[in-house]
Amino acid sequence: VPLQVAMRIPAMGTYLRVSSLARMSWTLAMALEAGVDAIRSMQMALDSTQNIVFQHAAPDAVLAIRSGREFHESLRGTGVFPTEFVDSLQAAELAGSESTSLLHLSEMYSQKAQAASKTVTVVSGFLIWGMIAMIIIALIFRIAMFYLGAINEALDMVNGGI
C-alpha cells in the first residue's frame, strides 16, 4: 500500500515507475538472450521490477503467454504498463530483435530514472528546508509568546499594585 501511494506522487511515482521498467526491460532481455523460456522470462522480468503494482499483473501476463500470446499482448492486457513501453516491446517483437531492443529500452528508462531521481532529490530538499523553516518560525513565535506573557504578567502586577 505505501508503494501504491508513493506511485501517485508526481515526481516520486515517475521515478518508481521508470526505474521498475528499466529493471524489467534489462531482465527480460537477459533472460531471452540466455534462452530462458517465455513464461519464466516474463515471471523473472516482473519479479525484478520490485514494484507491487507490476508484480500483481504477473499472473495475468503469465496466463496470457501460456495461452500463446506475445509479450506485448500479455502486458497490454494487464492495463498497468505504459502504452509507450508496450508499443516499444511490440515493435521489438515484430522486428525480431527483442534482446537488443529491450537493452536499448532499459537504457532509456534508466536515463529517465536518473532524471526523475534528480527531481525527487530537489523537491525533497525544498520540502525538508521548508519544514525546518516552519519549525524555527514556530519556535520563535513560541518563545516570543512566552516573553510577552511574562511581560504582561509583570505589567499586571505593577498595575495591580498601584
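The values are calculated or read from the model by the stated rules, or taken from the named source; none is laboratory data. Every value quoted in this text rests on a predicted model; they were computed, and no experiment measured them. When we count neighbours, we look across all protein chains shown, and the Cβ atoms used for this are built from the backbone with ideal geometry, even at glycine. Remember, those area values only see protein heavy atoms, side chains included, never the ligands or the DNA or RNA. Shrake-Rupley method; radii C 1.70, N 1.55, O 1.52, S 1.80 Å.
Things worth noting here:
- Given (1) more than 27 Å from the chain's Cα centre (by Cα); (2) at positive phi, number of the condition residue 79 does not satisfy: (1)
- Any chance residue 26 is open to solvent by 40 Å² or more (accessible area, probe 1.4 Å), touching a residue at least 60 places away in the same chain (Cβ under 8 Å) and under 24 Å from the mean Cα position of the chain (by Cα): yes
- Some residue of segment 122-137 being among the β-branched types (Val, Ile, Thr) and under 17 Å from the mean Cα position of the chain (by Cα): yes
- Of 58, 6, 31, 45, all but one fail to be more than 17 Å from residue 92 (Cα to Cα), free of Cβ contacts under 8 Å to residues at least 24 places away in the same chain and open to solvent by less than 10 Å² (accessible area, probe 1.4 Å); the exception is 58.
- Scan of segment 118-162 for residues that are farther than 30 Å from residue 19 by Cβ and not hydrophobic (A, V, I, L, M, F, W, C), ordered by number: 142, 147, 149, 152, 153, 156, 159, 160, 161
- Checking 21, 89 one by one, the residue that is under 23 Å from the mean Cα position of the chain (by Cα) and at pLDDT 95 or above is 21 and no other.
- Within segment 1-27, tally of residues that are under 17 Å from residue 47 (Cβ atoms) and of a type in the set (A, V, I, L, M, F, W, C): 6
- Residue in segment 86-95 that is among the polar types (S, T, N, Q), open to solvent by 50 Å² or more (accessible area, probe 1.4 Å) and not in a helix (DSSP H, G or I) present: no
- Residue within segment 102-116 that is surrounded by fewer than 10 Cβ atoms within 10 Å (Cβ to Cβ) and either farther than 22 Å from residue 12 by Cα or among the small types (Gly, Ala, Ser) (or both) present: no
- Taking first residues from segment 78-106 that are over 18 Å from residue 54 (Cβ atoms) and partners that are outside any helix (DSSP H, G or I), the Cβ contacts under 8 Å between residues at least 6 apart in sequence or on separate chains come to 93/70.
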